[in-house]
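This report concerns only the one structure given below.
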Amino acid sequence: MELTKYNHATVVLEQDGATLVIDPGTFTPEAADLARAAVAVLVTHEHFDHVDVEAVRAALGANESLVVRGPEAIVEQLGAHDGRVAAVRAGDAFEVGPFSVQVFGEEHAVIHRDIPTVANVGYLVNGAVFHPGDAYLEPGVPVQTLLLPTSGPWTNTADAVDFVRAVAPERAVQIHEAMLSEVGQQSTARFLGSDGLGPVPVLILPAGESIAV
């Protein structure tokens, strides 16, 4: 597969000419176009930086074969679209195009006790790439490429280090970086990577750039 990183939490996977989009949020200007061209959109949770509802709704109207999967709140916001939008939860597995997807879950990391948590699921695609959404979610299965959140009101360096150690991926790629400056990204990558406390290097992939996974 080819993995292309876009702004913040948005990642596109491509295989055999088909694309799968994970978390096309409002921080990603290309969200509508990416979703429209995909065979599937996977949403980890309902927060705006992970799903641009209007962009995905427009993509569903423009691409009659597009399917969307996410927590129940996503179905409530988008509508079922004759079953093309469906809820998933931990333990689910499905195939779409050339992609096989396993679902893990269940909740967003705690931001503050005064803020209710929402449902959050993580996706392991083709047994290789794991997107945890907004949680230090350990899938308990081997992971080749871990998409590692590095900023946000819920993130914590100590917990992030333990998360990477527990998942023990072959590589880690930074996501969810919008709240960090360039210096902050480099510093965080050092802390979490093999030059610091983590087991593997943390790759900072600029928006629009791709790697083979």
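Could you rank 209, 64, 46, 107 by how accessible they are, 1.4 Å probe, largest area first?
Of 209, 64, 46, 107, the descending order of accessible area is 64, 107, 209, 46.
Between residue 207 and residue 162, what length in nm is gained on full extension when 0.36 nm per residue of separation is reduced by their alpha carbon distance?
Taking 0.36 nm per residue and subtracting the Cα distance, the gain is 13.6 nm.
Starting with the highest mean, order 127-133, 90-96, 28-34 by the number of other Cβ atoms within 10 Å, averaged over the residues of each peptide.
Ranking the peptides 127-133, 90-96, 28-34 by packing returns 127-133, 28-34, 90-96.
How much accessible area per residue does the chain have, in Å², with a 1.4 Å probe?
Accessible area per residue: 43 Å².
For the pair residue 48/residue 95, report the inter-label distance in nm, with labels modelled 7 Å from Cα in the Cβ direction.
In this crude spin-label approximation the distance works out to 3.9 nm.
What's the center-to-center distance, using Cα atoms, between the range 98-157 and the range 1-45 in Å?
16
Less than 14 Å Cβ to Cβ from residue 75, Lys/Arg counted +1 and Asp/Glu -1: what total charge do the surrounding residues give?
-1
Which residues does a label at residue 179 reach in the range 131-166, if reach means a backbone N under 13 Å from a point 7 Å past the Cα toward the Cβ?
Within reach of a label on residue 179, which here means backbone N under 13 Å from a point 7 Å along Cα→Cβ, the range 131-166 contributes 134-135, 149-157.
In the neighborhood of residue 24, defined by Cβ-to-Cβ distances under 12 Å, what is the net charge if each Lys or Arg adds +1 and each Asp or Glu adds -1?
Cβ neighbours under 12 Å give a net charge of -4.
Which of 135, 158, 189 moves the most in a Gaussian network model of the chain with Cα springs under 10 Å?
158
Nearest 500 deg cm²/dmol is fine: what mean residue ellipticity at 222 nm does the chain get from its DSSP H runs of n ≥ 4 alone, each adding -39,500 (n - 2.57), divided by its residue count?
-6000 deg cm²/dmol
Of the accessible area of the range 125-209, with the probe set at 1.4 angstrom, what percent is carbon plus sulfur?
Taking all protein chains in place, the range 125-209 shows 49 percent carbon and sulfur surface.
The values are calculated or read from the model by the stated rules, or taken from the named source; none is laboratory data. Computed from a predicted model, the values in this text were never measured in an experiment. We place every Cβ from the backbone using ideal geometry, glycine too, and count neighbours over all the protein chains shown. Heads up: the accessible areas ignore ligands, DNA and RNA and are worked out on the full protein's heavy atoms, side chains in. Shrake-Rupley method; radii C 1.70, N 1.55, O 1.52, S 1.80 Å.
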